[in-house]
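Visitor: This is the structure I want to talk about, given as structure tokens.
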Amino acid sequence: MITNVVENLTGTRNRLLKEISDLSYEQLNKKPDEGTWSVAQVCHHLYLSESVFTQAIIYGLSKSNGKNAEPKPIQLAVDRSQKAKAPDIVAPGDKPLELEEIRELLNQSRNLFFEFYNQLEDKSILAEKSTKHPLFGYTPLDQWVDLIYLHEERHIEQIKEIKSLL
């Protein structure tokens, strides 16, 4: 399972970077309409989300009375027909971003996650503890890990949609 996590995270991130690598500054920061994020904002949201997910997993592990939760249908995170409003803590800013800034932010959040994940000696503990997710309620921490790349998959599809509208 551990290898799959790393492979899934790496594969999804590579697909994301490939999707945005040929976009100009204008294309990265242009919103198709007022109610839609730009590609840069989607990437900023992914950076914020991964950072918050990592913090949530660390918090869930630190709770001595962390309860075991039933697995949740986290595959729904990829279903873009189910709309969800991003909590304020992971809502992107309006500041335009350069491609290199986006890459740096994404590397920063991924490095933070891997720094935590790689020092975790017994990864099976992630299945035994949980913390509250804004959409799924109490969710096992191993599913929070999977949500990092599933959430990114969702937004890769959103980026493809935004690019088709530009």
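The values are calculated or read from the model by the stated rules, or taken from the named source; none is laboratory data. Keep in mind the model is a prediction, meaning the values are calculated, not measured. Cβ coordinates were reconstructed from backbone atoms using ideal geometry, including for glycine residues, and neighbour counts include every protein chain displayed. Note: areas computed on protein heavy atoms with side chains; ligands, DNA, RNA excluded. Shrake-Rupley method; radii C 1.70, N 1.55, O 1.52, S 1.80 Å.
Visitor: Would you work out the relative contact order for the chain, in percent, from Cα pairs under 8 angstrom that are 6 or more residues apart?
Guide: This gives 39 percent for the chain.
Visitor: Taking the range 50-117, which GluC sites (Glu not before Pro) meet the DSSP loop condition and have no more than 15 other C-beta atoms within 10 Å?
Guide: For GluC sites (Glu not before Pro) across the range 50-117 that sit outside H, G, I, E and B with at most 15 neighbouring Cβ atoms in 10 Å, the list reads Glu98.
Visitor: Could you work out how far helix 39-62 tilts from the main Cα principal axis of the chain, as a 0 to 90 degree angle to the nearest 10?
Guide: On a 0 to 90 degree scale, this one is about 10.
Visitor: Another one. List the residues, sorted by chain then number, that are 5 or more residues from His133 or on another chain and whose placed amide H is less than 5 Å from its amide H.
Guide: Tyr138, Thr139
Visitor: Along Cα→Cβ, 7 Å out, is where each label goes; now give me the distance between the ones at Gln27 and Tyr59 in nm to one decimal.
Guide: Label-label distance for Gln27 and Tyr59, simple model: 3.8 nm.
Visitor: Ignoring any ligand, DNA or RNA, what whole percent of the accessible area of the chain comes from carbon and sulfur when the probe is 1.4 angstrom?
Guide: Its accessible area is 51 percent carbon and sulfur atoms.
Visitor: State, to one decimal in nm², a quarter of the convex hull surface area for the C-alpha atoms of the range 52-94, i.e. the direction-averaged projected area.
Guide: 4.5
Visitor: Give the separation of the Cα centroids, the range 118-136 to the range 64-97, in Å.
Guide: Centre-to-centre (Cα) distance: 15 Å.
Visitor: How large is the accessible surface per residue of the chain, computed with a 1.4 Å probe and reported in Å² as a whole number?
Guide: Computed with neighbouring chains in place, this is 54 Å² per residue.
Visitor: Of all the Cα-Cα pairs you can form in the chain, what percent are over 29 Å apart?
Guide: 19
Visitor: May I ask you to order 88-95, 136-143, 32-39 by the average number of other C-beta atoms within 10 Å around their residues, highest value first?
Guide: With the highest mean Cβ count within 10 Å placed first, the list reads 136-143, 32-39, 88-95.
Visitor: Right, something else. Looking at the P(r) of the range 66-157, how many percent of alpha-carbon pairs lie beyond 15 Å?
Guide: Roughly 69 percent, rounded to a whole number.
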